[in-house]
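Here's the structure, in C-alpha cells; my notes come after.
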Amino acid sequence: MAFVERSGIRVLTMGDADYPRRLRMCEDAPVVLYYKGVADLNRQRVINIVGTRQCTAYGQDIIRRFVGDLRQLCPDVLIVSGLAYGVDIHAHRNALENGFDTVGVLAHGLDRIYPHHHRDTAAEMVGHGGLLTEYMSQTQALPNNFRQRNRIVAGMSDATILVESAYRGGGLITCRIAQEYGRDVFAFPGAVGMPFSEGCNRMIQNNTAALIMSAEDFIEAMGWKVRGKMEEVRGKMEEGELFPELTGEERAVVEVLRQTNDLQLNMLSVRTNIPVGQMAALLFQLEMKGVVKAYAGGNYHLVN
C-alpha cells in the first residue's frame with residue numbers, strides 16, 4: 001500500500017466504476033487490479049493486438065498499416081497488448097505514433113518493467129494510456145504469470161487481433177481465451193510454409209478466427225463504421241425526427257445504443273430494465289426496420 005500511494009497507482013476492485021466492465025463479465029476476472037495511467041479502461045471500443053515475439057518485417061508492416069489506417073477510420077479506440085517483444089511492443093509503439101491511447105497488461109508488479117528494454121515506451125504509455133496488472137509489487141515475471149495475464153488482455157477487449165504466430169504461442173492462448181469469453185477473434189493471413197504465419201493460417205482454416213487484410217475489413221466486421229454524419233444523426237434523435245415509427249420501448253433501446261453502441265442482449269436488458277425475452281423480440285423488430293444490426297459475438301449495433 002505504501003508503494004501504491006507513493007507511485008500514484010490506482011487500485012481497482014470489481015465494484016469500482018473504473019474497473020474494466022468487459023473484464024468484469026468474465027468468470028475468472030481478477031478481484032483486484034493495479035493501474036497506472038490515464039486511459040479510460042471502459043472506452044467504447046477496445047481491441048488487443050497480439051502475436052509472436054519474433055515479429056518479422058511482414059508482421060511489422062501489417063501492424064504499421066493497420067494502426068495507421070485505423071486512426072483514419074476509427075480514431076477513438078483503446079489498443080491493448082502485453083508489452084512483450086515482437087508484436088506487442090510494435091502494437092504499442094505504433095499506437096503511440098498514431099495518437100492512440102494504449103495499455104500494457106503486465107505479468108509482474110508495477111515496481112518493474114519487463115523486458116527492461118521497453119522502459120522508455122512504458123513510461124510514455126503512462127501518459128498516453130497506461131500499465132495494468134493483477135500482481136502486487138515485488139512480483140517477478142514468472143512464466144505462468146504471462147499465461148494468466150493473457151486472460152486480462154482478452155477479457156477487457158471487444159476483439160483480439162492476431163498478427164503473426166507460430167503453430168504454438170502466447171498469442172494463440174489469448175485467442176482461445178477470447179473465444180471462450182465470446183469475443184471476436186481475427187487473424188491476418190501469412191505465406192504458406194512460413195513458421196510465424198502457421199498459427200494464423202491454421203486458425204483461419206479452422207474457422208476459429210476471421211480473416212482480415214486491412215483495418216477496413218476489421219471495422220466492417222465489427223460494425224464500427226464511424227465515418228459519416230454522426231452529429232447530424234444525434235441531432236435528429238434529440239429532436240425526435242429519426243425513426244419516428246418506433247414504439248416507446250424501441251426508442252429506449254435506440255437511446256441506450258446511441259450512448260454506448262455495440263451491446264449484447266443481456267446488457268441492453270439491464271440498461272433498459274426490459275426483460276430478456278421481450279428484449280429479444282424488440283431487437284428482432286428493430287432489425288426488420290433496419291434500425292439495428294446484429295454482429296458476430298452477439299453485439300447489436302445502431303445503424304447510422
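Some points to look at:
- Residues with amide H under 5 Å from that of THR56, placed H, sequence gap 5 or more: none
- Around GLY190: net Lys/Arg minus Asp/Glu count, Cβ-Cβ under 15 Å: -1
- Taking amide hydrogens as placed 1.01 Å from N in the peptide plane, the amide H of GLY129 sits under 5 Å from those of VAL38, ALA39, THR102, each at least 5 positions away in sequence or on another chain.
- Solvent-accessible area per residue, Å², over the chain with all protein chains present [probe radius 1.4 Å]: 47 Å²
- Local net charge near ARG168, Cβ-Cβ under 15 Å (Lys/Arg +1, Asp/Glu -1): +2
- Relative contact order, whole percent, for the chain stands at 15, derived from Cα pairs under 8 Å and 6 or more residues apart.
- Region 252-267-region 57-126 distance, computed between alpha-carbon centres (Å): 29 Å
- Amide H contacts of ASP184 (H built 1.01 Å from N, under 5 Å, at least 5 apart or other chain): THR160
- Between helix 276-288 and the chain: long-axis angle, C-alpha atoms, 0 to 90°, nearest 10: 80 degrees
- Partner aspartates and glutamates for LYS293 [C-alpha distance under 13 Å; skip if fewer than 8 residues away on the same chain]: GLU220, ASP262
- DSSP beta bridges confined to the chain are antiparallel in about 40 percent of cases.
The values are calculated or read from the model by the stated rules, or taken from the named source; none is laboratory data. Just so you know, these numbers come straight off a predicted model, no measurement behind them. Every residue, glycine as well, gets a Cβ built from its backbone with ideal geometry; the counts of neighbours run over all protein chains shown. Keep in mind that these areas ignore ligands, DNA and RNA; they rest on the heavy atoms of the full protein, side chains included. Shrake-Rupley method; radii C 1.70, N 1.55, O 1.52, S 1.80 Å.
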